[in-house]
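Contents: one structure, followed by commentary.
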Amino acid sequence: MLHFSKHFSGAALLLLACAPTYAVVIQNFDTGTIAPGASSLTYAGNAGPSSGCAGNAALFGEGTYAVTTSASSCHSFWAPTGPQSSPNFMAVNGSNVANQMSIYTQTVSTGLTAGNGYNFSAWFTGLYLSDPASLSLRVYDGVGTSGSLLTTLQSFTTNVAGGNVNGHATIAADWVKQSIAFTALSGTVTVQVFNNSVSAGGNDFGLDTLEIVQTSTGTPSGSATPEPASFFLAGSALIGLCIIRRK
């Protein structure tokens, strides 16, 4: 589900004067499900549209996931981790099979403009006591992952939970935000959370609140760069227009 927030620029951002920038939450798992095919993992949560797990052994299998309010309700060895933002998050038992490395993939074509700069971000937390997952954020141009890779591949390691009691984690690890910058080549991108690890031990984590935020506005191809004085006058006029329009 897409959620929009709109922020108007001030005098310090003349290139964005009067023009809104967008922060688009592309997924926060609030519906309790994800689109079919969005993950290469196997869904192992409750049957039907409801989120959660039928028991705390539901995600014992490698390469499985659920959308839930609590990690420990899906796996008895995991910390009692709740969502980064309510009401749900994606709990993952990472796969040891190479063709199950795509954790979450989504095509986005709302609020994007070719030439503009953006950040793609997501929140992560470790669910088990050891063997953290090694993950990447990726952004591709166009629909699907066959287009140009717009990012420099970013790899990071999730943290681990604490409070070991007979191998069971009892203290939830902090949620950590990871992000990567890209410049849109078109009005459509495909974002992906990718697992670099094929470990069958640990490799368990939570995913929440995937977001795209505009960071800059590109200059149209062939446009001349204005002289400083002209830029100041044009910027002042735009700011004045903004003030008039908002009265």
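Here are the numbers for this structure:
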item: Failed item, numbered, when Ser199 is tested on (1) modelled with pLDDT of 90 or more; (2) within 24 Å of Ser73 (Cβ to Cβ); result: (1)
item: Residues being surrounded by fewer than 18 Cβ atoms within 10 Å (Cβ to Cβ) and within 25 Å of Ala54 (Cβ to Cβ) - total across segment 83-119; result: 5
item: Residue count, segment 160-169 (criterion: loosely packed, with under 15 Cβ neighbours inside 10 Å and either under 25 Å from Gly37 (Cβ atoms) or not small (Gly, Ala, Ser) (or both)); result: 3
item: Pro80 vs. criteria modelled with pLDDT of 90 or more, surrounded by fewer than 20 Cβ atoms within 10 Å (Cβ to Cβ) and in contact with an Asp or Glu (Cβ under 7 Å, 6 or more places away or on another chain); result: no
item: Selection count where residues are within 12 Å of Ala91 (Cα to Cα) and among the small types (Gly, Ala, Ser), scope segment 120-138; result: 1
item: Of all residues making up segment 1-32, the number that are at pLDDT 90 or above and either in contact with a His (Cβ under 7 Å, 6 or more places away or on another chain) or exposed (fewer than 14 other Cβ atoms within 10 Å of the Cβ) (or both); result: 1
item: The lone exception for Ala35 - which of (1) more than 16 Å from Phe205 (Cβ to Cβ); (2) modelled with pLDDT of 95 or more; (3) in contact with a strand residue (DSSP E or B) (Cβ under 9 Å, 6 or more places away or on another chain) it fails; result: (2)
item: Close pairs from segment 119-139: first more than 12 Å from Phe194 (Cα to Cα) and at pLDDT 95 or above, partner among the basic types (Lys, Arg) and surrounded by fewer than 24 Cβ atoms within 10 Å (Cβ to Cβ), Cβ under 7 Å, at least 6 apart; result: Ser121/Lys177; Trp123/Lys177
item: Any chance Val176 is at pLDDT 95 or above, among the β-branched types (Val, Ile, Thr) and surrounded by fewer than 17 Cβ atoms within 10 Å (Cβ to Cβ); result: yes
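The values are calculated or read from the model by the stated rules, or taken from the named source; none is laboratory data. Here the structure is a predicted model, which is why all the values come from computation and not from measurement. All Cβ positions, even for glycine, are placed from backbone atoms using ideal geometry, and neighbour counts span all protein chains on display.
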